[in-house]
Amino acid sequence: MRKLQTVFIIFISILSLISCEKKDSKSSIKIAAIEPLSGPYAAVGDDLITQVEFYTEEINNNGGVLDGRKLEIIRMDNANKAEKTTELVRKAIDNDIRFIIQGGGSHVAKSIITQLEKHNSRNPGKEVLFLNHSAVTPSFTNEDCTFFHFRFDANTDMKVAALVTEIAKDMDVNKVYLFNQNYAYGQSIKKQARKLLTDRVPRVKIVGDELIPPFGKVTDFNPYVSKIKVSGADTILTGNWGPDAYRLINALADAGVKVKIFGIYIFLPNSMPSMSKNALFNPIIQIKETIPYDTEKLPDWLNQINKRHLEKTKMSSDTDRMRNMMEMFARAINQSNSLEPVKIAYALEDMENRGPYGSVRMRKEDHQAHFDMVTTVVEENKANPMIYKDKNYGMAYSTLNIIEEKDVTFPSRCDMKRP
Amino acid sequence: MTVDIIIFTIFNGLLYGMFLFMLSSGLTLIFGMMGVLNFAHASFFMIGAYLGYQISTFTNYWIALILAPFFVGLLGVMVEKYALRRIHKYGHVAELIFTFGIFYIIEEIVQMVWGKIPVPYEIPKILNFSLFEISGMSYPAYSMFRLFISIAMFIAIYQILAKTRTGLIIKAALTHPNMVSCLGHNVPKVFSYVFGFGCSLAGLAGVLAGNVIGTEPSMALLLGPIVFVVIVVGGLGSLKGALVASIIIGLIQTISISLEVNINDLFSFLGYSIDIKSKLNEFTSITISQLAPIVPYILLIVILIARPRGLYGDRDV
């Protein structure tokens, strides 16, 4: 009996060990998507990955990459913490994942870039590629640039330049209050805003400059609202996103303070449940890649994709950079006929892709994508509203102005070392 | 700084302070009674907010205002009766670890039932208007309502403890539980009810504040630390201390956001100036308003050094 038990145990162990064997090469290509999926930024992270998953599925439904292989997104929760992200990147590398997608939070992106720099230089042949869709602190394509990082969203220098262009045209804007989160991203916005407003729009006076502790720590924005009121500002320029954004908007509406709000990510669809009508109290002007509502002005193929996006994810399309990211990535794989990050990176830099108003260009020098953008304003719109998780709140963006790529292209300070 | 801005700042500071009081009064009562530092206290606050949302989707806000704290209190009584009581004999450390575990369990349950994304808990339409305006700054009616309820709650608790027989029994059980038990009162039952009542206070704070700060699973984690600061500064077990400490902290935190002074200003007042490009400037150019969220913790450290018992406490931390 004893002997039978031992044989049985040995048999089961061997079976389990065999089943742990690595999958064969015909399986999907894994990509780790690292975003906050818990904590105050869970809603933001969930939406970001959902969009990435949708555009990945579009690629897969169009035949995948190489000889029909599919791309697979693996969700990873970093709770918006850089330390947790380091663990997750380690885990991804240990599981043979060669591609990382991230964007929610420049503090996280910085730690990924630093970690991958070290890993890639010490492990030639096992490099990992980082596709950044939303972390827009300029340094990642300037001082901190690295060959294995690609950014698909315009950085804050470019976005602030676009907003300042809009401010220059708007004669109602005379006193600007800068309001940002106190980390790399918010600090870059503040610096660039100061520089550009002083240089390009001398009639505007900067009447306030606030840096708040970031990531949902501040629950009561009323003291800040009273400071804004005291300063006499008629406009706020802010990079706040997530709870830091909707709490500001709610506090301004509650206190009845009327200002124009120029923002970069201030209005995210997942904030609508927390803001509802408050979002219409003050005009919110946001710089975006494109919006899906002007269907006559957009190319047909994009209208089709936006339609599928709404059906599949139950949310109106809110970005275009994820589409670019996945399309360019898939094309780079096919073009280089390889799954090696080095070869894919060479194919990806200097690539052009289709865009809503013209082509999207990945600049070879610093791996920063360049494209035309739009300034938009959030307005009441019952006819063609923004849909979020099957609900509509009676509002949508409308286009103000198209900002041309050439007006927001800046020289790079990147000194890239290529393998 | 004009008078109306000062009024607005004081009003907001008071509002925030009373919110902290409602959150921490339960905790200090529980600690005063039973010596149990309930790490999960902020979790009951979160459950109060979620139940407030859920009940108001079925019926309306006003019923939620009454029912949600009641259910949270019931949950508290059950936790005390069936779990905490058994752990009591193993000592304070065991109780603390247990409440720590409860914190995690509640957070996970909340995520499983309502998801990780904030729920659309809204201010009732009847109260969603501006009550009055002073030179362009409007005072929302709902904030007034919250302030009113918190003050009413404090008066009620004070009256119960000071003037009623129940209060007498509770206060006696605080210091002489054995004697009170010998006199025929069911002391364990008193403990259960005090625990439940403390939790229901936190739940009430949740119902009132959930629709202002946003109802999502990390609420407990964000507000947990400040509650401890309040009860340590006020004195563990002292209700009056909790009130004074909450208001002080509420006012300090709100006022310090408006203070743009930094060490550079101090130096220039004294006649020195610090080079803008130097490394030292990165430290000295930090304004008090940027430090505002950590000011309560600085106060905590000062109190622990100067007067560890807290303002009105009689137990050492």
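Read the figures in this text as sums done on the coordinates, not as results from a lab. This one's a predicted model, so the numbers in the text were calculated from it and none came from an experiment. Every residue, glycine as well, gets a Cβ built from its backbone with ideal geometry; the counts of neighbours run over all protein chains shown.
Listed here are the pairs A:159/A:406; A:260/A:382; A:417/B:279; which of them are more than 24 Å apart at the Cα?
On the way: A:159/A:406 13 Å; A:260/A:382 22 Å; A:417/B:279 30 Å.
Pairs exceeding the cut-off: A:417/B:279.
Return the whole-Å distance between the Cα centroid of the range B:135-181 and the Cα centroid of the range A:147-214.
Here the answer is 48 Å between Cα centres.
Evaluate peptide A:241-249: per residue, the Cβ atoms of other protein chains within 10 Å of its Cβ; return the mean as an integer. Spell out each step's value before the answer.
Numbers: counts 0, 0, 6, 0, 0, 2, 3, 0, 0.
Shielding by partners across A:241-249 averages 1.
What FRET efficiency would be calculated for the residue pair residue B:285, residue B:2, taking the C-beta separation as r and a Förster radius of 45 Å, to the nearest 0.05?
Values: r = 27 Å, r/R0 = 0.59.
Approximately 0.95, to the nearest 0.05.
Restricting the calculation to Cα positions, tell me the Rg (one decimal) and the Dmax (whole number) of chain A in Å.
Answer for chain A, Rg first and Dmax second: 22.9, 93 Å.
How big is the range B:154-280 in terms of Cα radius of gyration and Dmax, in angstroms?
Every Cα atom of the range B:154-280 included, Rg and Dmax give 22.3, 74 Å.
Quick one: which of A:307/B:125; A:307/A:389; A:217/B:116 span more than 23 angstrom between C-alpha atoms? If you can, show how the numbers build up before the last one.
On the way: A:307/B:125 35 Å; A:307/A:389 15 Å; A:217/B:116 17 Å.
With Cα atoms farther than 23 Å apart: A:307/B:125.
Would you please classify the overall shape of the range B:29-184 from the alpha carbon gyration tensor, given that a ≥ b ≥ c denote the square roots of the eigenvalues, rounded means a/c under 1.5, and beyond that prolate means a/b larger than b/c while oblate covers the rest? Can you show the working numbers first?
Values: a/c = 2.52, a/b = 1.44, b/c = 1.74.
The shape class here is oblate.
Regarding the range B:70-148, what is the average projected area of its C-alpha convex hull, in nm²? All intermediate terms of the calculation are to be shown ahead of the outcome.
Values: hull surface 34.8 nm².
Taking the Cα atoms of the range B:70-148, their convex hull projects to 8.7 nm² on average.
Could you work out, residue by residue across A:271-278, how many beta carbons of other chains sit within 10 Å of that residue's beta carbon, and then give the average as an integer?
Values: counts 2, 1, 8, 11, 2, 4, 2, 1.
Per-residue shielding by partner chains comes out at 4.
Based on the alpha carbons, how large is the Rg to Rh ratio for the range A:86-181 when Rh follows Kirkwood? The partial results should precede the final answer.
On the way: Rg = 17.1 Å, Rh = 15.1 Å.
Reported Rg/Rh, Kirkwood definition of Rh: 1.13.
Across the Cα atoms of the range A:106-258, what radius of gyration and what greatest pairwise Cα-Cα distance (Dmax) are found, in Å?
In Å, with Rg to one decimal and Dmax whole: 17.9, 59.
Pick from B:251, B:222, B:84 the residue whose mean-square fluctuation is largest in a GNM of chain B, springs joining Cα atoms under 10 Å.
It is B:222.
Shape of the range A:205-340 from its Cα gyration tensor (a ≥ b ≥ c, root eigenvalues): rounded if a/c is under 1.5, otherwise prolate when a/b > b/c, or oblate? Mind showing how you got there, number by number?
On the way: a/c = 2.55, a/b = 2.04, b/c = 1.25.
Because a/c hits 1.5 or more and a/b exceeds b/c, the range A:205-340 counts as prolate.
Roughly how many Å is it from the Cα centre of the range A:29-47 to that of the range A:362-407, as a whole number?
Rounded to whole Å, the Cα centres lie 22 Å apart.
Once Lys and Arg get +1 and Asp and Glu get -1 on their Cβ, which of B:155, A:52, B:176 lies farthest toward the positive end of the dipole of the protein assembly as shown?
Highest projection toward the positive end goes to B:176.
What number does the protein assembly as shown give for Rg over Rh if you use C-alpha atoms and the Kirkwood radius?
Working: Rg = 28.3 Å, Rh = 28.2 Å.
Taking Rg over the Kirkwood Rh, I get 1.01.
Please give the calculated 222 nm ellipticity per residue for chain A, where each DSSP H segment of at least 4 residues contributes -39500 (n - 2.57) and the sum is spread over every residue; nearest 500 deg cm²/dmol? If you can, show how the numbers build up before the last one.
On the way: 12 runs with 163 residues, N = 419.
Rounded to the nearest 500, it is -12500 deg cm²/dmol.
Where Rh is the Kirkwood radius over the Cα pairs of the range A:142-202, the temperature 37 °C and the viscosity 0.692 mPa s, what D in µm²/s does Stokes-Einstein return? The partial results should precede the final answer.
Numbers: Rh = 12.9 Å.
Reported coefficient: 254 µm²/s.
Contact order normalised by length for the range A:292-381, with contacts defined as Cα pairs under 8 Å and 6 or more residues apart; what percent is it? Show your work: numbers first, answer last.
On the way: 77 pairs, mean separation 15.2, N = 90.
Answer for the range A:292-381 is 17 percent.
Out of the DSSP beta bridges found with both residues in the protein assembly as shown, what percent are antiparallel (nearest 5)? Please list the in-between numbers first.
Values: 26 of 62 bridges.
If we restrict to bridges inside the protein assembly as shown, about 40 percent are antiparallel.
I'd like the distance between the alpha-carbon centres of the range A:333-361 and the range A:68-139, rounded to an integer number of Å.
After rounding, the separation between the Cα centres reads 19 Å.
For the protein assembly as shown, build the charge dipole from Cβ charges (+1 Lys, Arg; -1 Asp, Glu) around the Cα centre, then report which of A:129, B:104, A:387 sits farthest towards its positive end.
Checked the options; the winner is B:104.
Would you work out the charge dipole size for chain A about its Cα centre, treating the Cβ of every Lys and Arg as +1 and the Cβ of every Asp and Glu as -1, and quote it to the nearest 20 debye? List each step's numbers first, then the result.
Numbers: 57 positive and 53 negative charges, 178 e Å.
Charge dipole, chain A, about its Cα centre: 860 debye, nearest 20.
Counting only the backbone N, which residues of the range A:121-156 are under 19 Å from the spot 7 Å out from the Cα of residue A:359 toward its beta-carbon?
Residues A:151-154 qualify, since their backbone N sits under 19 Å from the label point.
Who wins for biggest fluctuation among B:231, B:263, B:298 in a Gaussian network model of chain B, springs between alpha carbons below 10 Å?
The residue that fluctuates most here is B:263.
Once you list every other residue whose beta carbon is under 14 Å from the beta carbon of residue B:191, what net charge do they have if Lys and Arg are +1 and Asp and Glu are -1? Kindly include the intermediate steps, with their values, before the conclusion.
Numbers: positive: B:81, B:85, B:86, B:89, B:171, B:189; negative: B:80, B:95.
Charge balance near residue B:191 sits at +4.
Using DSSP loop states and a limit of at most 14 other Cβ atoms within 10 Å to flag trypsin sites (Lys or Arg not before Pro), what is the longest stretch of chain B containing no flagged site? Provide the component values of the computation, followed by the final result.
Numbers: sites that count: B:277, B:315.
The longest such stretch corresponds to B:1-276.
Taking 45 Å as R0, compute the FRET efficiency from the Cβ-Cβ separation of residue A:310 and residue B:178 and round it to 0.05.
Numbers: r = 69 Å, r/R0 = 1.52.
The formula returns an efficiency of 0.05 here.
Under unit Cβ charges (Lys, Arg +1; Asp, Glu -1), what dipole magnitude, rounded to 20 debye, does the range A:256-397 have relative to its Cα centre?
Numbers: 20 positive and 18 negative charges, 100 e Å.
The dipole of the range A:256-397 has a size of about 480 debye.
In the Gaussian network model of chain B, springs joining C-alpha atoms below 10 Å, which of B:203, B:184, B:237 carries the largest mean-square fluctuation?
Of B:203, B:184, B:237, the Gaussian network model singles out B:184 as fluctuating most.
Rank A:274, A:325, B:247 by how far each Cα sits towards the positive end of the charge dipole of the protein assembly as shown (+1 on Lys, Arg Cβ; -1 on Asp, Glu Cβ) and give me just the farthest.
Farthest towards the positive pole: B:247.
Excluding residues on the same chain fewer than 8 positions from residue A:191, give the aspartates and glutamates whose Cα lies under 17 Å from its Cα.
A:143, A:157, A:199, A:209, A:210, B:282
Need one value for B:113-126: mean number of C-beta atoms belonging to other chains within 10 Å of its residues' C-beta atoms. Provide the component values of the computation, followed by the final result.
Details: counts 0, 0, 3, 11, 10, 9, 2, 7, 2, 4, 3, 0, 0, 0.
Other-chain Cβ atoms within 10 Å of each residue's Cβ, averaged: 4.
Let me know the volume per residue of the alpha-carbon convex hull for the range A:272-419, in Å³.
Working: hull volume 21.5 nm³, N = 148.
Value for the range A:272-419: 145 Å³ per residue.
Taking the Cα centre of the range B:166-305 as origin, work out the dipole magnitude from +1 charges on Lys and Arg Cβ and -1 charges on Asp and Glu Cβ, in debye rounded to 20.
Taking the Cα centre of the range B:166-305 as origin, the dipole is about 540 debye.
Could you state the angle between the C-alpha long axis of helix B:41-58 and the longest principal axis of the C-alpha atoms of chain B, as a value from 0 to 90 degrees rounded to the nearest 10?
With both axes taken from Cα atoms, the answer is about 80 degrees.
Evaluate chain B: find the radius of gyration of its Cα atoms, find its Kirkwood radius, and give the ratio Rg to Rh.
Details: Rg = 21.3 Å, Rh = 21.0 Å.
Taking Rh as the inverse mean 1/r over Cα pairs, Rg/Rh reads 1.02.
For a paramagnetic label modelled at 7 Å from the Cα of residue B:269 toward its Cβ, which residues of the range B:5-25 fall within the zone defined by backbone nitrogen distances under 16 Å?
The answer is none, because no backbone nitrogen lies closer than 16 Å to the label point.
Could you tell me whether the range B:29-94 comes out rounded, prolate or oblate from its Cα gyration tensor? Rule is a ≥ b ≥ c as square roots of the eigenvalues, rounded for a/c under 1.5, then prolate if a/b exceeds b/c, otherwise oblate. Present the calculation step by step, with values, prior to reporting the outcome.
Working: a/c = 3.14, a/b = 2.74, b/c = 1.14.
It is prolate, given that a/c is not under 1.5 and a/b is the larger ratio.
From Cα pairs below 8 angstrom and at least 6 apart in sequence, can you work out the relative contact order of the range A:1-148, rounded to a whole percent? Don't skip to the end; give the middle numbers.
Details: 186 pairs, mean separation 33.5, N = 148.
With pairs under 8 Å counted, the relative contact order is 23 percent.
Expressed as a rounded percentage, what relative contact order does the range A:30-72 have, with Cα pairs under 8 Å and six or more residues apart? Mind showing how you got there, number by number?
On the way: 29 pairs, mean separation 14.1, N = 43.
Computed value for the range A:30-72: 33 percent relative contact order.
Helix B:295-306 versus the longest principal axis of chain B: what angle, 0 to 90°, nearest 10, using Cα atoms?
Helix B:295-306 sits at roughly 70 degrees to that axis.
With axes computed from alpha carbons, what is the tilt in degrees of helix B:3-34 against the longest principal axis of chain B, rounded to the nearest 10 within 0 to 90?
Helix B:3-34 sits at roughly 30 degrees to that axis.
Quick check: residue separation of residue B:260 and residue B:111 times 0.36 nm, minus the Cα distance between them. What number comes out in nm? Display every interim value, and only then the final one.
Numbers: separation 149, 0.36 × 149 = 53.64 nm, distance 3.93 nm.
Separation in residues times 0.36 nm, less the Cα-Cα distance, equals 49.7 nm.
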